[in-house]
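What follows is a short report on a single structure.
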Amino acid sequence: MNWKRKALRKRWGGSNRNALLQLYIINGATIISELAVRQGLKKAWRLFKKTPPPQDTASYKTPWKEAIIWTALYSLTAGMAGLIGRRLARIGWNKAMS
């Protein structure tokens, strides 16, 4: 057994097939939750600021204030959504497998 399989089995438990399936489900839930939050954050930005959110925060055309606010809001909300998505997927996986 190679070291990758051993690491997966140690981290996720069970067989390699179950470990990979669990990994895909959890990562998929994380991606979906972060994409949903991004769309919601864009709508909220348009609602409150009456302008579209910055497309490229590194561009010299984007004011510093907007770039910092957008980056902070997006980082916080996407990070929390990812955490919640991972936790809920793990809880669902554990219930399904028990």
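Beta carbons closer than 8 Å, at least 6 apart along the sequence or on distinct chains, pair a first residue in the stretch 31-56 that is more than 11 Å from Ala81 (Cα to Cα) and part of a loop (DSSP other than H, G, I, E, B) with a second that is basic (Lys, Arg) and open to solvent by 70 Å² or more (accessible area, probe 1.4 Å) for Pro52/Arg46; Pro53/Arg46. Of all residue pairs spaced 6 or more apart or on separate chains, those with beta-carbon atoms under 7 Å, a first member in the stretch 83-98 that is closer than 15 Å to Ile32 by Cβ and a second member that is in a helix (DSSP H, G or I) and among the hydroxyl-bearing types (Ser, Thr, Tyr) are Ile84/Ser33; Gly85/Thr30; Gly85/Ser33; Arg86/Thr30. If Gln22 meets every condition in (1) assigned to a helix (DSSP H, G or I); (2) farther than 17 Å from Ile91 by Cα apart from one, which number is that one? The single condition Gln22 does not satisfy is (2). Against the conditions (1) open to solvent by less than 40 Å² (accessible area, probe 1.4 Å); (2) within 20 Å of the chain's Cα centre (by Cα); (3) farther than 22 Å from Gly85 by Cα, Ala67 satisfies every one except (2).
Regarding Lys95, is this residue loosely packed, with under 13 Cβ neighbours inside 10 Å, over 30 Å from Gln22 (Cα atoms) and not β-branched (Val, Ile, Thr)? Taking the combined requirement at face value, the residue does not satisfy it. State yes or no: is Lys42 open to solvent by less than 60 Å² (accessible area, probe 1.4 Å) and among the basic types (Lys, Arg)? Judged against the criteria, Lys42 is a match.
The values are calculated or read from the model by the stated rules, or taken from the named source; none is laboratory data. Bear in mind the structure is a predicted one, so any value in this text is a computation, not a measurement. Here the Cβ is made from the backbone with ideal geometry for all residues, glycine too, and neighbour counts use every protein chain on show. The accessibility values were calculated without ligands, DNA or RNA, using every heavy atom of the protein model including side chains. Shrake-Rupley method; radii C 1.70, N 1.55, O 1.52, S 1.80 Å.
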